[in-house]
Amino acid sequence: ELQKKLRSLGKKGEKALMQALKETSIEGSSTMAENCPRVTGRLASSVHFETPTTEHFVYKDANGRGYIGTFLNSPKGLSVMFGTNVEYAEAANENSSKPKFFEKGIARARQVLPMRMKKNLDKIMNEK
């Protein structure tokens, strides 16, 4: 219902929705990174979010080695993506001493999205 309301507000609604999605992705990706197992720091450092305007994402591990972290497929339209492109992330999510960090990040995003959408909707509704 909130998403429908935001879309009915045209460009202002789209802007508010995108802001809500960005804020949600920040929280989801932060939760995901906080719960990653750490050996070199590469996995936690690789967790990020992308919007349709993201051109590239580069990060370093604890040893200073640089990596390109951009997702293979970019989000389109009114959407964002968060996660990692590290090849061993799925195995680490299932088999490490700190399992299920993907799920923890997604659960956090699901938890905060309605609040973020309402906050941003209220903000544009109160603008003149």
Within the range 88-128, what residues put their amide N at less than 15 Å from the label point 7 Å along the Cα-to-Cβ vector of residue 8?
-> 121-122, 125
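Given R₀ = 22 Å, FRET efficiency for residue 30-residue 98 by Cβ-Cβ distance, to 0.05?
Efficiency at R0 = 22 Å is approximately 0.90.
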Using Cα pairs under 8 angstrom and six or more residues apart, how large is the relative contact order of the chain, in percent?
-> 34
Pop a pseudo-label 7 angstrom from the Cα along the beta-carbon direction at both residue 124 and residue 51 and give the gap in nm to one decimal.
-> 1.3
Name the lysines eligible as straight-distance cross-link partners of residue 22: C-alpha to C-alpha under 17 Å, and not fewer than 8 places from it in the same chain.
-> 11, 12, 76, 118, 119, 123
Take the Cα atoms of the range 22-68, build their convex hull, and give its volume per residue in Å³.
-> 61
Give, as a single signed number, the net charge of other residues whose beta carbon lies under 13 Å from the beta carbon of residue 50, with Lys and Arg counted +1 and Asp and Glu -1.
-> +1
Using the Cα atoms as the points, what is the convex hull volume per residue of the range 87-128 in Å³?
-> 67
The percentage of the accessible area of the chain (probe 1.4 Å, all protein chains present) made up of carbon and sulfur atoms, to the nearest whole number, is 54
To the nearest Å², the heavy-atom accessible area per residue of the chain with 1.4 Å probe amounts to 62
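If you place +1 on the Cβ of every Lys and Arg, -1 on the Cβ of every Asp and Glu, and leave all else neutral, what size is the dipole of the chain about its Cα centre, to the nearest 20 Debye?
580
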For the chain, the Debye formula with one identical point scatterer on each Cα and no solvent gives log10 I(q)/I(0) at q = 0.10, 0.20 Å⁻¹ as -0.36, -1.07
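The values are calculated or read from the model by the stated rules, or taken from the named source; none is laboratory data. Only a predicted model underlies this, so the values are computations on that prediction, with no experimental measurement involved. As a convention, Cβ positions derive from the backbone with ideal geometry for all residues, glycine included, and neighbour counts pool all protein chains shown. The protein model used for the area step is the full one, side chains on, heavy atoms only, and it has no ligands, DNA or RNA in it. Shrake-Rupley method; radii C 1.70, N 1.55, O 1.52, S 1.80 Å.
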